[in-house]
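Peer 1: Dumping the structure here so I can ask a few things about it.
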Amino acid sequence: MPEGPEVHREADKIRNAIGSQFPIYIYFYHDHLKPFESDLAGKQVENVEAYGKGLVISFEDDFHVYSHNQLYGKWYIKPAGEYPKTNRELRLEIRTDQKSALLYSASEIDVMDSESLHEHPYLTKLGPDLLKGVDHDTIAKRTVEDQFRRKSFASLLLDQGFLSGVGNYLRTEILYDARIHPTKRPMDLSDQEIEAFSKSALTITGRSYETGGFTLPEELSTKLKSEGKKRKDLRFFLFGREGKPCHLCGENIIKTRMSGRRIYICETCQKL
């Protein structure tokens, strides 16, 4: 499932393609949304914004198209009227004179006004978005709140009400960068460790957004590349690298499951 950095990059891509434009054609796959095809055609696209793992395209006259990619959804940008070669099913098309924004395979799409948007059951429960100007002090204070401090970081970082947009690979990478074992709870940490976690959450998420999904710092990536490491070892510290050596200490990385999802740990760098 795409995580916050990927959804923010999709929002950027869609905004660059159709933002401020007046679509000439709208297509919805779902029958209950068909009436909005004529309602939205010709209305200006005013904004495209990511909300955690969800995305909202706002049109003039208070129309908002909400979508969540879930596991299989994918956006494509193509020249107007062209379609990608894919076996996926087209669920939404927004076409201007120049470009088409095409959403395939997404299972959750709706059209709402502002009031309904602000009452949406997913959007109303979202915690701070790490890519929307939140600072590390805010994260640190939130981490030790009563509703969060007794939960393991393994479960906490999958809770969209804690920090929105964080998912499986970010969970692994943030905890490694902060040197926190995923079974630990905020209440188990010192103030310095809480601060390290907060800074890592911002750093890793921001780096992934800027680089298109890479969490390694540039200097480490360059060093590993000079040593002949392949591209798959230049993307993450731990995620997807079971049995391979930690880039920093050389300990073999282990894979396990926590809160129903796979997670990767370096037991030397992330001591209990």
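Peer 1: Are there any trypsin sites (Lys or Arg not before Pro) in segment 66-115 that are in a DSSP loop and have at most 15 other Cβ atoms within 10 Å? List them by number.
Peer 2: Sites meeting the loop and neighbour criteria: Lys85, Arg88.
Peer 1: Moving to a separate point now. Given 0.36 nm per residue, what is the gain on full extension from Ser114 to Lys13 after removing their alpha carbon distance, in nm?
Peer 2: 34.0 nm
Peer 1: What does the helix-only formula give at 222 nm for the chain: each DSSP H stretch with n ≥ 4 adding -39500 (n - 2.57), the total divided by the residues, and the result rounded to the nearest 500 deg cm²/dmol?
Peer 2: -8500 deg cm²/dmol
Peer 1: Then there is this: Taking 8 Å as the Cα distance limit and 6 or more residues as the minimum spacing, I'd like the relative contact order of segment 152-272 as a percentage.
Peer 2: Value for segment 152-272: 27 percent.
Peer 1: Further question on the same structure: Is the shape of the chain best called rounded, prolate or oblate, per the rule: a/c under 1.5 gives rounded, else a/b larger than b/c gives prolate, else oblate, with a ≥ b ≥ c the square roots of the Cα gyration tensor eigenvalues?
Peer 2: Cα axes put the chain in the prolate bin.
Peer 1: Can I ask one more? On a straight-distance basis, which aspartates and glutamates could pair with Lys255 in a cross-link, Cα separation under 19 angstrom, same-chain partners fewer than 8 positions away excluded?
Peer 2: Glu173, Asp177, Asp233, Glu242, Glu267
Peer 1: Answer rounded, prolate or oblate for segment 115-208, using the Cα gyration tensor with square roots of eigenvalues a ≥ b ≥ c: rounded when a/c is under 1.5, else prolate when a/b is larger than b/c, else oblate.
Peer 2: The shape class here is prolate.
Peer 1: Still on this structure: What is the fewest-to-most order of Cys266, Cys246 by other Cβ atoms lying within 10 Å of their Cβ?
Peer 2: Cys246, Cys266
Peer 1: Sticking with this one: Roughly how many nanometres apart are two label points built 7 Å out from the Cα toward the Cβ at Gln147 and Ser107?
Peer 2: For Gln147 paired with Ser107, the spin-label model returns 2.6 nm.
Peer 1: List the chymotrypsin sites (Phe, Trp or Tyr not before Pro) within segment 1-71 that DSSP assigns to loop and that have no more than 10 neighbouring Cβ atoms inside 10 Å.
Peer 2: When the chymotrypsin sites (Phe, Trp or Tyr not before Pro) of segment 1-71 are filtered for loop state and at most 10 Cβ neighbours within 10 Å, nothing remains.
Peer 1: Shifting gears a bit: Starting from the Cα gyration tensor of segment 136-265, take the square roots of the eigenvalues, sort them a ≥ b ≥ c, and report rounded, prolate or oblate (rounded when a/c is under 1.5, otherwise prolate if a/b is larger than b/c, else oblate).
Peer 2: Verdict is prolate for segment 136-265.
Peer 1: Which length gain, in nm to one decimal place, applies between Gln192 and Asn47 when the Cα-Cα distance is subtracted from 0.36 nm times their residue separation?
Peer 2: Computed gain between Gln192 and Asn47 is 48.3 nm.
Peer 1: Something else now. List the longest stretch of the chain that has no exposed loop site; here a site is one of the GluC sites (Glu not before Pro) assigned by DSSP to anything other than H, G, I, E or B, with at most 15 other Cβ within 10 Å.
Peer 2: Free of exposed loop sites, the longest segment is 146-226.
Peer 1: Could you work out how far apart the two model spin labels at Glu219 and Asp31 are, taking each label as a point 7 Å from the Cα in the direction of the beta carbon, and quote it in nm?
Peer 2: That separation, rounded to one decimal, is 6.1 nm.
Peer 1: Let me ask something else. Run the dipole for segment 111-195 about the Cα centre, Lys and Arg Cβ at +1, Asp and Glu Cβ at -1, nothing else charged, and hand back the magnitude in debye, nearest 20.
Peer 2: 380 debye
Peer 1: Could you give the length gained on full extension between Met1 and Thr138, defined as 0.36 nm per residue of separation minus the Cα-Cα distance, in nm?
Peer 2: Contour length minus Cα-Cα distance gives 46.7 nm.
Peer 1: Nothing charged except the Cβ atoms of Lys and Arg (+1) and of Asp and Glu (-1): what's the magnitude of the dipole of the chain about its Cα centre? Round to the nearest 20 debye.
Peer 2: 1600 debye
Each value in this text was obtained by applying a stated rule to the coordinates, not by laboratory testing. Since the model is a prediction, treat every value here as computed from it, not as a measurement. Here Cβ is always computed from backbone atoms with ideal geometry, including for glycine, and neighbour counts include all displayed protein chains.
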